[in-house]
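This report refers to the structure that appears directly beneath it.
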Amino acid sequence: MGKRKSTPSQSEIPKKRAKRQSKPAQTIISLVDVVSDQFEIVRGHPLPLGATLVRGGINFSVFSKNATEVRLVLFANGQSEPLAEFPLDPRYNKTGDIWHACVNGIDPGIEYGFRVARENRNNTPVHRFDPSKVLVDPYARSLRGGEVWGGERVDRTAPSLRRSRVADERFDWKYDHPLNRHLADSVIYEMHVRGFTRHPSSGVRHPGTFLGLTEKIPYIKDLGVTAVELMPVTDFLETDSTLVAPASGKQLLNFWGYHPISFFALKASYAADARLGGEIREFKAMVKAFHDAGIEVILDMVYNHTGEGDERGATISFRGLDNSVYYILDPQSGKDLNFSGCGNTLNCNHPVVRDLILDSLRYLVTEMHVDGFRFDLASILGRGTGGEVLSNPPLLERIAGDPVLANVKLIAEAWDAAGLYQVGSFPNWGRWAEWNARFRDDVRRFWKGAPDMVSALSTRLCGSEDLYRGGGRAPYHSVNFVTSHDGFTLADLVSYNVKHNSANGEVNKDGLNENDSWNCGVEGPSSDPAIVSLRQRQTKNLAATLLLSQGVPMILAGDEFGRTQRGNNNAYCQDNEISWLDWSSPLENKSLVRFFKSLIGFRRRHLLFKQREFFGQGSRQVPKLVWHGVKLNEPDWSWHSQSVAVELQFEGQDSDLFFVFNAFEADLNFELPHVLPGKRWHRFLDTSLDSPLDIAEEGREVLLPDQGSYRVTGRSLVGLIQF
């Protein structure tokens, strides 16, 4: 979109009011007709960045160190042609590297963007200025253009894919406040906003939206989890994929959303209300509803890269404003360095980018009432401006020490796509929890029947002390999971030996090849009663191990009712029934849902699973831990062993507990520890039994007729309680 010849220069109206009667240049008359009887553009202020409502108008501020020309472009709501375009005077409308202007006489509803150019100085390859494009403001809190899911088609040569807009963000929070639940007391439930209710069976009035998710809060609350972790909800281009479905030839979509084009503006198509600011209002209402139900909201944030892709990708915002500042580049060729595996890498430890990330986090906490964050590929946040790994990354330290974020949950995915793996060694400052992928791998291998896994399992059960003891860390800094959005679902983990990703259009080459899964003897669906029974038992074994371990458990949405992705372990592009939750499944798998609910309830009732320190650190409230084998006090740590038992002895703080983990294919008879006077062992859990005997409700635990031993079925988990 070229500049309009009728646009007045800055010198024509720097401070002077333009009234309807005075009839200034035609562009201004058009603007006045739309927004106000009085209009003026003045110098404005450099901070805060973005579009800020001030008395009588709006202040616009944007960073660009290397630009020599910046033009503010204004649009009426929903219009494609500009109302006015103002060149910003570098002497008058610039402070340091920030360009700014205040426009009086306009209100929320105005849309805007920036044209940014640079005079050819030394012809350096690192710059990507393109004045033909109207750029999105990195600090914009609302964007137009993505109100309809899948509605836009990405044309990288197009003038604009999104438009910044100023929305009225007022919302009556009433008495809403952060829940501030201790991380040790948390049970996290990972979900996708659209996928959770998009299936026709969801029964909600507004499927695939924040409002639709709000309608499902009673189900989530009844399940017993304490927090939902939402996959990316800031704006992204779902149509930026070039892949097509092999069966239909239709374009595949970027369903997961790990390609952000904004760190502030929410995904507009996740709102049922497509009007200006609808996504903001609905998101706030959703958060408030979750808080009213006692459930925290954690956001999965992607600060390691953006949806602009590599140097061949679209210019939407960051690249056109100052490519060499926002991205880590090869200084010779100007090409993006790709530590994210997604085309580019955000220059996270540049001071300006650090401020952008921190401002985004503060906004989401203060204005959106978010309770925590999971940071995608968080190891990139510890890389320097040249991609080097920093020993004391300033961004991570600032996030950990920021006073506004002091009570916010911080969870790192402690690796990146360039091979940096920091599980257990992520820079911490006593704040950062981590997705513990070693828990996932060791628990999967143990129940698969791999050798030499008993010692590893015992370490994971106790909170991964080998990884997290020291440096101010505790068991709750380990966020444990067996499945997540990335990989097999729990049902698929026990049904497939290999990935089945052909539907992704990449000839089954995408996704991990090694999944530590086991199909129990048949690849894919089976009607064989023996296979079905074994898979049910393995599913419960994995779930129970997760929920009975020290650390913070994270459950993948739908695992509690056996959701399948048909063996697809990388369903990032499947906006269909592969990824959508089928809500007929909870009705068909009531026994599994009951099992999960009962396990979560058991965990939340017992102090054992809320430890603030590791076993053996001297606190009177930490139980004594005793390991056993089939014979008391004789655990088998050998390479061939596939079973172990553990006794937890409390001193008046809780009931003593006894667990047996038997991944051996045959039944084993385990001796039981001696009971205290007047007490007996009761069974509350045995994954080999059919529902409802597999797990007992509180007060209905089964008294054991034999208090000396218990026969544990092959490939099963048993839990006993003494009272």
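The values are calculated or read from the model by the stated rules, or taken from the named source; none is laboratory data. Bear in mind that the values here come from a model prediction, so they are computed numbers and not experimental data. Please note: Cβ atoms are built from the backbone with ideal geometry, for glycine as well, and neighbour counts cover all protein chains shown.
Filtered by the rule that a residue be in contact with a helix residue (DSSP H, G or I) (Cβ under 8 Å, 6 or more places away or on another chain) and surrounded by fewer than 17 Cβ atoms within 10 Å (Cβ to Cβ), the stretch 368-389 gives a lone residue, V389.
Tell me, please, whether a residue that is surrounded by fewer than 19 Cβ atoms within 10 Å (Cβ to Cβ), in contact (Cβ under 8 Å) with a residue 60 or more places away in the chain, in contact with a Pro (Cβ under 8 Å, 6 or more places away or on another chain) and not basic (K, R) can be found in the stretch 587-608. For the stretch 587-608, residues surrounded by fewer than 19 Cβ atoms within 10 Å (Cβ to Cβ), in contact (Cβ under 8 Å) with a residue 60 or more places away in the chain, in contact with a Pro (Cβ under 8 Å, 6 or more places away or on another chain) and not basic (K, R): present.
Condition check ((1) in contact (Cβ under 8 Å) with a residue 60 or more places away in the chain; (2) assigned to a helix (DSSP H, G or I); (3) out of contact with any Asp or Glu (no Cβ under 7 Å at 6 or more places or on another chain); (4) surrounded by fewer than 22 Cβ atoms within 10 Å (Cβ to Cβ)) across all residues:
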residue: R398; (1), (2), (3), (4): no, yes, yes, yes
residue: G424; (1), (2), (3), (4): no, no, yes, yes
residue: V443; (1), (2), (3), (4): yes, yes, yes, no
residue: S458; (1), (2), (3), (4): yes, yes, yes, yes
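Out of V675, V712, V646, one residue alone is of a type in the set (V, I, T) and touching a Leu at 6+ places or on another chain (Cβ under 6 Å). It is V712.
For the stretch 507-558, what are the residues that are part of a loop (DSSP other than H, G, I, E, B) and hydrophobic (A, V, I, L, M, F, W, C)? Residues satisfying the conditions are V507, L512, W518, C520, V522, L548, A557. Against the numbered list (1) farther than 16 Å from H606 by Cβ; (2) surrounded by 15 or more Cβ atoms within 10 Å (Cβ to Cβ); (3) in contact (Cβ under 8 Å) with a residue 60 or more places away in the chain, N662 comes up short only at (3).
Within the stretch 630-640, identify whether any single residue is part of a strand (DSSP E or B) and at pLDDT 95 or above, and answer yes or no. Among the residues of the stretch 630-640, not one is part of a strand (DSSP E or B) and at pLDDT 95 or above, which makes the answer no. Name the single residue that is surrounded by the fewest Cβ atoms within 10 Å (Cβ to Cβ) among those in the stretch 406-422 being closer than 20 Å to Y468 by Cβ and among the aliphatic types (A, V, I, L, M). Among those that are closer than 20 Å to Y468 by Cβ and among the aliphatic types (A, V, I, L, M), it is L420. The condition of being surrounded by fewer than 22 Cβ atoms within 10 Å (Cβ to Cβ) and at pLDDT 95 or above holds for only one of G463, G521, that being G521. Give just the number: which of (1) farther than 30 Å from E238 by Cα; (2) of a type in the set (A, V, I, L, M, F, W, C); (3) in contact (Cβ under 8 Å) with a residue 60 or more places away in the chain does A530 not satisfy? Condition (3) is where A530 drops out.
When N77, N123 are screened for being surrounded by fewer than 17 Cβ atoms within 10 Å (Cβ to Cβ), free of Cβ contacts under 8 Å to residues at least 12 places away in the same chain and out of contact with any His (no Cβ under 9 Å at 6 or more places or on another chain), only N123 passes. Taking the conditions (1) crowded, with 17+ Cβ neighbours inside 10 Å; (2) of a type in the set (D, E, K, R); (3) closer than 22 Å to N570 by Cβ in turn, K540 satisfies each one other than (3).
Residues that are over 34 Å from the mean Cα position of the chain (by Cα), buried (at least 17 other Cβ atoms within 10 Å of the Cβ) and under 21 Å from R605 (Cβ atoms) within the stretch 690-723 comprise E701, L720, I721, Q722, listed in sequence order. In summary, A433 fulfils each of the numbered conditions (1) surrounded by fewer than 24 Cβ atoms within 10 Å (Cβ to Cβ); (2) over 30 Å from G629 (Cβ atoms) with the single exception of condition (1). Taking the conditions (1) modelled with pLDDT under 95; (2) surrounded by 21 or more Cβ atoms within 10 Å (Cβ to Cβ); (3) not charged (D, E, K, R) in turn, M231 satisfies each one other than (1). Residues satisfying the criterion are present in the stretch 333-355 (criterion: surrounded by fewer than 22 Cβ atoms within 10 Å (Cβ to Cβ) and within 30 Å of M453 (Cβ to Cβ)).
Does A544 satisfy the condition of being touching a residue at least 40 places away in the same chain (Cβ under 8 Å), in contact with a Leu (Cβ under 8 Å, 6 or more places away or on another chain) and within 28 Å of S458 (Cα to Cα)? Answer is yes for this residue. Among the residues of the stretch 29-60, which ones are under 18 Å from R165 (Cβ atoms) and modelled with pLDDT of 55 or more? Once the filter is applied, which keeps residues that are under 18 Å from R165 (Cβ atoms) and modelled with pLDDT of 55 or more, the stretch 29-60 yields P48, L49, G50, A51, T52, L53, V54, G57, I58, N59, F60. Taking the condition modelled with pLDDT under 95 and buried (at least 19 other Cβ atoms within 10 Å of the Cβ), does L72 pass? Spelling it out, it is not the case that L72 is modelled with pLDDT under 95 and buried (at least 19 other Cβ atoms within 10 Å of the Cβ).
Checking each residue in the stretch 363-389 for being under 18 Å from V325 (Cβ atoms), part of a loop (DSSP other than H, G, I, E, B) and in contact (Cβ under 8 Å) with a residue 40 or more places away in the chain picks out T385, G386, G387. Output the residues belonging to the stretch 83-98 that are over 15 Å from G109 (Cβ atoms) and either part of a loop (DSSP other than H, G, I, E, B) or of a type in the set (D, E) (or both). Once the filter is applied, which keeps residues that are over 15 Å from G109 (Cβ atoms) and either part of a loop (DSSP other than H, G, I, E, B) or of a type in the set (D, E) (or both), the stretch 83-98 yields E85, L88, D89, P90, R91, Y92, N93, G96, D97.
Against the test of being in a helix (DSSP H, G or I) and charged (D, E, K, R), the options R612, R604, R566 yield a single qualifying residue, R604. The set of residues from the stretch 186-230 being out of contact with any Gly (no Cβ under 6 Å at 6 or more places or on another chain) and small (G, A, S) comprises S186, G195, S201, S202, G203, G208, G212, A227.
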